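The values are calculated or read from the model by the stated rules, or taken from the named source; none is laboratory data. The model shown is predicted, which means the values in this text are computed figures rather than measured ones. As a convention, Cβ positions derive from the backbone with ideal geometry for all residues, glycine included, and neighbour counts pool all protein chains shown. Ligands, DNA and RNA are stripped out before the accessible areas are found, and what is left, the full protein with its side chains, is counted by its heavy atoms. Shrake-Rupley method; radii C 1.70, N 1.55, O 1.52, S 1.80 Å.
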Amino acid sequence: IMLGTDYPSWTYLPPDADCSPLLSPVHHELQSGNLLFGNLEGGFCSVGGTPKKCKDTTRCYVFRMPDHFASCLVDAGYDVLSVANNHVNDFGEEGRASTAHILDSLGFAYAGFITHPWTTFEKDGITYGFAAFAPNKGTMDLKNYARAAEITRMLDSIADVVIISFHGGGEG
């Protein structure tokens with residue numbers, strides 16, 4: 001999920017910096033299932049953070065969504081989000097911390113940071129365990145098979161349903 005970036009310019013945002021027209025036409029589809037999962041391809045960091053350096057800006061992108069864009073994920077009905085991907089570090093540790101703060105404040109279930117590798121949540125009387133992995137700094141390393149297996153076994157012991165996500169891509 002990338003709803004628009006204000007970096008390096010506000011002109012990359014949707015008109016009027018309003019993300020609602022992006023997902024509202026498909027709300028009925030997004031909300032038609034039992035559970036809505038998404039990969040948050042970037043972070044919420046309206047201010048601060050240090051943008052990553054790109055050698056070739058035609059093949060490297062730096063994403064930063066304004067904090068208020070998180071409300072569009074709430075409106076769309078997302079239940080759980082992965083933060084393990086190649087853009088979660090676009091604004092460094094401060095960007096990851098800001099993203100975690102926003103998601104926590106809105107009550108989102110999310111996982112994928114080294115500091116937040118897994119989560120559990122309940123919906124419709126079912127307990128879900130969720131973990132997310134990627135090969136990127138600050139995320140749970142998808143190549144650490146022993147740790148992935150350990151987390152999966154632990155979640156299996158405490159949840160009715162276990163969901164594992166991995167993001168192995170990168171631009172360029």
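Remarks
- Residue 75 being in contact (Cβ under 8 Å) with a residue 40 or more places away in the chain, open to solvent by 30 Å² or more (accessible area, probe 1.4 Å) and not in a loop (DSSP other than H, G, I, E, B): yes
- Once region 88-98 is narrowed to residues that are under 18 Å from residue 117 (Cβ atoms) and part of a loop (DSSP other than H, G, I, E, B), the residue that is farthest from the chain's Cα centre (by Cα) is 89.
- Contacts under 6 angstrom Cβ, first residue in region 25-40 being farther than 21 Å from residue 113 by Cα, partner acidic (Asp, Glu), 6 or more apart: 35/79
- Search result, residues across region 125-156 that are under 21 Å from the mean Cα position of the chain (by Cα) and of a type in the set (Gly, Ala, Ser): 129, 131, 132, 134, 138, 148
- Flag if residue 137 is part of a loop (DSSP other than H, G, I, E, B) and surrounded by 14 or more Cβ atoms within 10 Å (Cβ to Cβ): yes
- Unmet requirement for residue 60, which otherwise passes all of (1) at pLDDT below 95; (2) over 24 Å from residue 88 (Cβ atoms): (2)
- Residue match in region 99-113 (condition: over 13 Å from residue 39 (Cα atoms), open to solvent by 10 Å² or more (accessible area, probe 1.4 Å), assigned to a loop (DSSP other than H, G, I, E, B) and touching a residue at least 40 places away in the same chain (Cβ under 8 Å)): no
- Count of region 7-27 residues, restricted to those that are assigned to a loop (DSSP other than H, G, I, E, B) and open to solvent by 80 Å² or more (accessible area, probe 1.4 Å), is 1.
- Some residue of region 122-133 being within 23 Å of residue 50 (Cβ to Cβ) and surrounded by 19 or more Cβ atoms within 10 Å (Cβ to Cβ): no
- Residue in region 53-61 that is touching an Asp or Glu at 6+ places or on another chain (Cβ under 8 Å), open to solvent by 60 Å² or more (accessible area, probe 1.4 Å) and either farther than 19 Å from residue 166 by Cβ or of a type in the set (A, V, I, L, M) (or both) present: yes
- Residue check for residue 121: part of a strand (DSSP E or B) and either more than 25 Å from residue 29 (Cα to Cα) or of a type in the set (Ser, Thr, Tyr) (or both): no
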